[in-house]
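To keep things clear, I will list the structure first and then write my remarks on it.
Quick note: the coordinates plus some simple rules give every number you see, no bench work behind them. Note that this is a predicted model, so its numbers are computed, not measured. Cβ atoms come from the backbone with ideal geometry, glycine included; neighbour counts cover every protein chain shown.
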Amino acid sequence: MSARSTEPLLRELARELHPVQPLPRLRSVAAGVLLIWLLALFVDWIFGGPSPRFAEGELWREPASVAVLAGLLCTAVGATLAALAGAVPGREGEARIGLAVGIGGLALATASGVWAVAGQGAGSGSHPLATSVACVSRATALGIVPALVACAFLARALVRTPRAGAAAAAAGCAALGAAAVHASCPSESALHVLLGHSLAPFFAALVLAFPLAALVRRCSRRGGSVL
């Protein structure tokens with residue numbers, strides 16, 4: 001085929017191409033996720049949700065409680081970074097770092113909760129299971145809209161592994177919610193802290209990974225976004 005006969009074919013193909021929209025920067029998306037979470041926290045507070053107890057000594061009195069909070073924050077940062085960076089070609093290194101930080105943070109929060117249960121002994125089992133379910137539900141509720149924002153980015157980036165990305169986004173955003181719950185929950189039961197706070201990101205990922213992944217796949221095929 002000659003160069004002269006190729007030119008009309010190339011022009012015809014070019015006419016069928018759609019302009020490519022650049023992806024937002026990861027820092028911008030992460031800032032949006034954080035902003036939406038703060039807004040959700042503010043709305044929760046307006047409707048009667050408990051306020052954080054940062055000024056009180058109870059939150060900082062037990063090293064295990066501080067370690068749980070630190071672990072949840074590490075889970076939030078790491079898992080969210082793993083979800084967002086994993087959707088962008090060339091950012092695999094950052095995604096692996098985020099995954100390591102997220103897993104390490106969840107391990108720290110869980111180990112600290114187990115440590116507190118072991119230290120509290122028999123009294124740790126006196127708290128009703130329903131209160132732990134309530135804290136997990138609240139953490140998930142505070143994280144669901146930020147997770148949708150993260151999944152909107154995954155859909156736009158055409159992420160190759162929607163289920164893994166959705167699970168990481170759910171765990172990271174639920175960890176933000178769990179950190180807020182941990183900072184405001186008045187319970188002194190170590191078992192409750194373990195089940196209702198430390199493991200909340202894990203439970204949220206189990207519940208939300210499949211529906212969020214299905215939503216990402218559907219929106220990716222349509223070329224749209226979740227929101």
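What's the ranking of 145-157, 24-36 by average number of surrounding C-beta atoms within 10 Å, highest first?
145-157, 24-36
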Can you compute 3J(HN,Hα) from phi for each residue in segment 29-46, using the Karplus curve 6.51 cos²θ - 1.76 cosθ + 1.60 with θ = phi - 60°, rounded to whole Hz and x for Gly and Pro?
5, 4, 5, x, 4, 5, 5, 5, 5, 4, 5, 4, 5, 5, 5, 4, 5, 4
Based on the mean of other beta carbon atoms within 10 Å per residue, what is the order of 183-191, 129-137, most packed first?
183-191, 129-137
Subtract the Cα-Cα distance of Arg218 and Arg96 from 0.36 nm times their separation in residues, and report this length gain in nm to one decimal.
41.3 nm
Taking Leu176, Leu108 and counting other C-beta atoms within 10 Å, the order from fewest to most:
Leu108, Leu176
Putting +1 on Lys and Arg Cβ atoms and -1 on Asp and Glu Cβ atoms, find which of Ala204, Ala87, Ala139 reaches farthest to the positive end of the dipole of segment 73-227.
Ala87
At R0 = 35 Å the Cβ-Cβ FRET efficiency linking Glu188 and Arg160, nearest 0.05, sits at 0.20
Test item: Cα-centred dipole of segment 64-220, Lys/Arg +1 and Asp/Glu -1 on Cβ, debye
560 debye
